[in-house]
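The structure appears below as C-alpha cells.
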Amino acid sequence: MLSGNLNKHFIFLEGKILLKEALKADCVKVESIFFSNDEIFHNEFNLLNKNIVCHRITDDLMKSISDVETNQGILAFANFHSDKIIKKKELFSIILDKVTDPGNMGTIIRTAASVGCEQILVSKGSVNPWNQKVLRSAMGGHFHIDIKYNINLKHINKLITKDFKILVADSKASHNSIDFENLSAKLDSKDKVILVIGNEAHGVDNCFYQLKNQGYQVIPINIPIFMDSLNCSIACAIIAFELRKILNKK
C-alpha cells in the first residue's frame with residue numbers, strides 16, 4: 001500500500017464483503033485473488049469477463065498472508081484510483097482530528113459513505129485511513145468518498161471556503177454549543193456543511209474555534225448523554241444521520 005495523497009494506491013483486500021465491494025467499484029481494479037476456501041470463491045464470486053488472475057493456495061499459506069487471526073480464506077490485491085470516484089456536489093464533508101483508533105476510523109468512513117458524505121479530511125496525528133484494520137472495518141466505504149489525509153490543521157483555512165458552515169462536535173458542551181437535535185434551526189437544505197470530529201480523550205483542536213475570528217461560521221454542537229463522553233464513531237453517526245435529514249429536505 002502506498003502512502004500519501006496519491007491518485008493511485010496498491011491495496012490489500014481481505015474478506016469477502018470488502019472484495020465484493022471492490023469488484024463493484026469503478027475506482028478499483030482487482031488484479032489478483034488468492035483463496036483457500038473453495039466454497040466462498042466458487043459460490044459467492046462471479047468473475048467471468050473480469051480478467052483477474054486467481055490462485056488456489058493452502059490454508060497454511062493463507063494463514064501466513066492473512067492479517068487476521070481467523071480469516072475467511074479469500075484475499076486480493078488491487079489498484080485503487082481515487083480520481084475515478086464518482087464526484088458529487090460538495091455539500092457535506094467531514095474532518096477527523098487526531099482520530100487514532102482504526103476501528104473508529106473505519107466505522108466513520110463506512111457511516112460517511114452511507115449518508116452521502118463527499119469528502120473526508122484526516123489530520124496529522126490520526127491513524128492512516130488506508131491501514132488494514134481501517135479498510136476492513138470500513139467495508140468498502142473508501143470506494144465512495146474522496147479521502148485526503150496527513151492534513152496540517154495550521155493551514156486548515158486554506159482547505160475550507162467561507163461558504164461552509166463548520167459544525168464542531170463538542171463532547172464537553174462548551175463554547176455555547178447547541179443540542180444536535182436543534183441543528184435544523186441553524187441549517188437548511190441549501191447549506192454546505194463540514195462536520196469536525198475529534199479525538200475522544202482530547203476533543204477537537206482549538207484552531208477550529210479560532211476560525212470564527214477569520215469570518216467563518218462555526219457552530220459547536222453536542223449530544224446530551226449521561227456519561228463523560230461518547231465514542232467518536234457513534235457521535236459521528238448520530239450527527240451525520242441528523243444532517244442527512246436536514247440537507248436532503250427539498
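Cβ separations smaller than 9 Å between residues 6+ apart or across chains give no pair from the stretch 52-64 residues that are among the aromatic types (Phe, Trp, Tyr) to residues that are open to solvent by less than 90 Å² (accessible area, probe 1.4 Å) and part of a helix (DSSP H, G or I).
Quick one: would you say LYS98 is under 18 Å from ALA237 (Cα atoms), basic (Lys, Arg), in contact with an Asp or Glu (Cβ under 9 Å, 6 or more places away or on another chain) and open to solvent by 50 Å² or more (accessible area, probe 1.4 Å)? So LYS98 fits the description; yes.
Could we say that ASN128 is more than 26 Å from LYS186 (Cα to Cα), touching a strand residue (DSSP E or B) at 6+ places or on another chain (Cβ under 8 Å) and in a strand (DSSP E or B) here? Taking the combined requirement at face value, the residue does not satisfy it. Taking the criterion of being part of a loop (DSSP other than H, G, I, E, B) and open to solvent by less than 30 Å² (accessible area, probe 1.4 Å), the residues of the stretch 192-234 that qualify are VAL204, TYR216. Remark: pairs (first residue in the stretch 75-90, at pLDDT 90 or above; second residue polar (S, T, N, Q); Cβ separation under 9 Å; 6+ apart in sequence or on different chains) = LEU75/SER66; ALA76/SER32; PHE77/SER32; ALA78/SER32; HIS81/ASN7.
So, ILE109, is that one within 21 Å of LEU18 (Cβ to Cβ) and of a type in the set (Val, Ile, Thr) or not? Judged against the criteria, ILE109 is a match. Close contacts from the stretch 200-223, counting a first residue that is closer than 20 Å to LYS186 by Cα and a second that is among the small types (Gly, Ala, Ser) and open to solvent by 30 Å² or more (accessible area, probe 1.4 Å), with Cβ to Cβ under 7 Å and a gap of 6+ residues or different chains, come to ASN222/SER171; ASN222/ALA173.
The residue list ILE57, ILE40 contains one member that is surrounded by 12 or more Cβ atoms within 10 Å (Cβ to Cβ) and under 23 Å from HIS142 (Cβ atoms), which is ILE40.
The values are calculated or read from the model by the stated rules, or taken from the named source; none is laboratory data. It should be emphasised that the depicted structure is a prediction, and the values quoted were computed from it without experimental measurement. Because the Cβ atoms are built from the backbone with ideal geometry, glycine has one as well, and the counts that use them run over all protein chains shown. When the accessible area is computed, the model is the full protein with side chains, heavy atoms only, and any ligands, DNA or RNA have been set aside. Shrake-Rupley method; radii C 1.70, N 1.55, O 1.52, S 1.80 Å.
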